[in-house]
Structures are given as C-alpha cells and as structure tokens.
Amino acid sequence: MKKKLTLGLPIAACLLSLAAMPANAGGLMTNTNYHIAFDRMFARGATTEIDAAYSNPAGMAWGHEGWQLSLNFQKPWQNRDIETTYPLLQAMYGDATHKFEGKASAPIVPAIFASYKKDRWALSTMIGIVGSGGFVKYDEGVPMFNVMLASMLAAKQVTPDQYKLSSQMKGKQYIYGGQLNFTYKITDFLAAAVGVRANYYDGYYRGHVIADQHPQLGDLAKLQLDVDQKGWGFAPIVGIDYHQGPLTVGVKYEFRTRICTENETNELTAALGQKLQTMLAASDPTTLQTIATALGTKTAPYVDGAETRYDMPSLLTIAAQYEISPKVRAALEYHFFDDKNAKMAGDRQKELSHGTHEFLAGVEWDVCDKLTLSCGGQRTDYGLTDTYQQNTSFACDSYSIGLGGAVNLTDKMRLNFSYFCSLYSDYKVESTNYLGTGIAGSDNYSRTNHVIGLGLDYKF
C-alpha cells in the first residue's frame, strides 16, 4: 500500500512546475540577442556602435556624435522534445518509446536602442525582452504527468485501455527590460559607464491531466492549473572600455536581479474521482486522507497570492575587438552567468554544477562602402546535472552559428539582416527507478532553435 501511495503523491507537484524556456541566445534566464548585429556576429562586447547601449555601454564614448536610433525585429522557432522509454508506454501509445513534442515560439520580438553623445559623455537606452521570451506547448502533455498518473492507476489494476487520458501543458515567460546608461570618457583611451535596468516578469502556466470514462469508476483523476505570475526587479550595471587605435576592450558587469512574482490563480484543482476515492478509502482508511494532505502541500506554492522567485543572475562580460585592417574586424568574448547564486523556483539553482560559461567569436568585413558581411559562433555550457533536468524545464548545452550583413541605404540609414541557429547536445537521463515507479526508464531531451532578424539603424 505504501508503494501505491508514493506513486500518486508527486503528480500535482509535477503539473505545477511547468515553465516556458527561452528560444534565444544567452543564459538560463537571460537573453543576450537584442540587436541584429549580435545575431550575425555574436561577439559584440567591445563594439562602439548603437548596440553598445546593451553590450558595451562604456563604448558609447566613441560612438556617433549626436542622436542615434535603432529598431530591431526577430522571429524565433524552437522545438523542445522529450523521447521517453518506459514499459507502460507500450499500452498507452503502442510503443515503449514515445516522443513528446514541444513547440516553443514567440511572435515577432522587438527591441529598440537610442543614444545621444556630446563630447566626452553619452546617454543610451535599450528596451527589449531581456529574459526568457516565448511560449511552449505540449499537445500530449509530458511523460512525468502521463506516466505517473497511469502508473498510479495501474497499481490499482486500472489499465490504460480502461480509460481515456487527456493531457496538455503550456506556459509563457517574458521578462521585459528597460535599460538606461550614462557614459563618460575619463581619458582619451578610457571610458566608464553606469546604468540600471528595470525588469518586469510576466508569465503563465496552463495545464491539465484528466483520466476519465472508466466503465465502472467514471472520472478517475483531474489535475488542472491556470496561474498568472507577475513581478518586478532592478539590476545596476557598470562597465569600462579601453579604446586605442585598432584595439577595443570592453568589460561589463550586471548585478543579480531579484524577481519575486505573485500568483494570480484562476484555477487550481488536484483531486481523485469520487468513486476512486471510495475505492481507496475501502482498501486503506488512511490512504485517502494522506493523499489529500499531500496534494494540499504540493499545491500550496500555486494558490492565489503565493510568491515564486525567478531571479536573473549576475553577468560578467569581457570582450576584445581588433581592426585587422580598415575593412576587417575580429572579436572574442566571454560571458559568465552566476546562475548558482540566482534563486529559482524550488531552489533548482542548487542542482547546477556551476554557472553558465559562454565563449563567443565573430568577424566583420566591409566588402564595400554599401555592404558589410559578418559571421560568428558561440559555445554555451550551462553546468547541467541529471537532477536539474525536468520534463517541464530542461536545458541543453549548445553551439550557435550566425551570419548576415548590413546595407548602408543612405549615409544615415543602415539595414541589418541575420540568421542564426543553435546546435544542441541531447541530454539523456536514465533511471532504474523512473519517477519512483520501481521500473527502469529514461528521458532523452533535445532542442532545435532558429532565429531570423531584420533591423534599421538611423543616425540623426
């Protein structure tokens, strides 16, 4: 009886952990691709162009004199699939291995940059989606919900052919940010910048797992969630830039953003069907009460007004750019996201082996006065572990490549275009006690990511 009870308890907790993850470049909670120049080159931490308003604020000291404005639009597509192997799937889907397909997408993602420079000082700003940024949907749900519910019922001799299982999971996470920087040229070769970014978190979680239409028991179980989460946070930013001759070196540090969201709960149901409750109570009088108490504990974080942490980690960037010739520039860059010290829901940051390391490189070539071409690459290492990965929120290390160019339409107007994709390494988690069922099983996590972008820079 104890084993049967254990199978049923985690279901609500699993359902309630659904999270949408970003379809963009950057860390686990942080985006870095706002301007199209990043998408086509990646290593932009030592630039002095308009995108320096985000990537290298101190570099604005060597930017355009007067006003600048940049509008950028990106369209990402991403798949987030889970291929599960478990014996019970044979009865549920006709094969012991089944792929649960997750579609992650976002509408056109905009970002705006603006700056004003006069002599030795400059003001700059950036507005965009600075964290997460997208929707994810699993039309068949995910294995940790479906398998666990089916396993609990199978322990009561209720097999998948005796009921209908309906399951769907979806979620959204957006962190909108507005950044303002002040830059001052200290010497002819050195500048410093200070800034602040306000971040607004807007997300929701919707999902259900329903087992019903059993010939004798009717409705067996119903798990439903509809929760909106919103919250604010602020991040101070400091940076320095060294620029002399063909060499530019930029360093930026963003402090951790503490974001605490508050639930607006529209629906929260985690209950067994009435006839199943009666059957459980008859087999063991303590079982039903124990399950009810456990479900109440697991659903507590998602009741109306409850708070959840989604911190954005501190970020250190170090970059160097060198003009190989008047027409060719090359750059190298390093990012460190201190994810282990940024609080996540359920303290999942403690499961990471280290913070995120990123290594970036790019090259840019002025083919002629009208056309510039560029390409770049990025390696992202998240410090993942088996215990960090969840069906509802997983990540995969990746290599990204980008390419594109810029066309000078006039002396003041430049059109940027780009494409980049991420090549992810699958992450497989194997267990001899899959989801606490006592039976061996595995989940293989995989992702794909493609982004196209178009932007317009204007110098007044």
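Of note:
- Residue ranges 355-361, 213-219 sort as 355-361, 213-219 when ordered by packing (mean number of other C-beta atoms within 10 Å per residue, highest first).
- Within the chain: Cβ-based charge dipole about Cα centre, in debye rounded to nearest 20 (Lys, Arg +1; Asp, Glu -1): 320 debye
- Local electrostatic count at R206 - Lys and Arg +1, Asp and Glu -1, tallied over other residues with Cβ under 11 Å: 0
- Distance between the modelled labels on K350 and F189, one decimal in nanometres: 4.9 nm (7 Å Cα→Cβ projection).
- Most positive-pole-ward Cα, S167, Y204, P313, against dipole of the chain from beta carbon charges: Y204
- Charge tally around Y419: other residues with Cβ under 10 Å, Lys/Arg +1 each, Asp/Glu -1 each, net 0.
- Taking every alpha-carbon pair within the range 55-142, the share separated by more than 20 Å comes to 59 percent.
- With every protein chain in place, the range 227-336: carbon and sulfur % of accessible area (1.4 Å): 62 percent
- Computed about the Cα centre, the dipole magnitude for the range 229-361 is approximately 120 debye when only Lys and Arg (+1) and Asp and Glu (-1) carry charge, each at its Cβ.
- Candidate aspartates and glutamates - alpha carbon under 13 Å from K99, same-chain residues fewer than 8 apart omitted: D81, E83, D139, E140, D443
- Only Cα pairs under 8 Å and 6+ residues apart enter the sum, and on that basis the relative contact order of the chain stands at 19 percent.
- Label-to-label distance, Q168 versus Y334, with points set 7 angstrom from Cα along the beta-carbon direction: 4.8 nm.
- Semi-axes of the equivalent ellipsoid of the range 152-253 are 59, 15, 8 Å, computed as sqrt(5λ) over the eigenvalues of the C-alpha gyration tensor in descending order.
- Here the average projected area of the convex hull drawn through the C-alpha atoms of the range 325-456 stands at 10.3 nm².
- Working note: Cα gyration tensor of the chain, eigenvalues times five, square-rooted, sorted largest first, giving semi-axes of 49, 21, 17 Å.
- Calculated FRET value between Q157 and N433, using beta carbons and R₀ = 22 Å, to 0.05: 0.55
- Relative packing of peptides 27-37, 414-424 - highest average C-beta neighbours within 10 Å first: 27-37, 414-424
- In plain terms, if you count all Cα to Cα distances in the range 140-187 and split them into 10 Å steps from zero, the share in each step is 18, 29, 13, 11, 10, 10, 7, 3 percent.
- Inter-part distance where the range 202-266 and the range 144-165 are each reduced to a Cα centre, Å: 31 Å
- Proximal lysines relative to K230, as straight alpha-carbon distance under 19 Å, when same-chain residues fewer than 8 apart are discounted: K170, K172, K343
- Excluding same-chain neighbours fewer than eight residues apart, the lysines reachable from K327 by a Cα-Cα span under 27 Å are K117, K118, K185, K252, K370, K412, K459.
The values are calculated or read from the model by the stated rules, or taken from the named source; none is laboratory data. Just so you know, these numbers come straight off a predicted model, no measurement behind them. With ideal geometry, Cβ positions are generated from the backbone for all residues, glycine too; neighbour counts draw on all protein chains shown. Just so you know, the surface numbers come from the protein's heavy atoms only, side chains and all, with ligands and any DNA or RNA stripped out. Shrake-Rupley method; radii C 1.70, N 1.55, O 1.52, S 1.80 Å.
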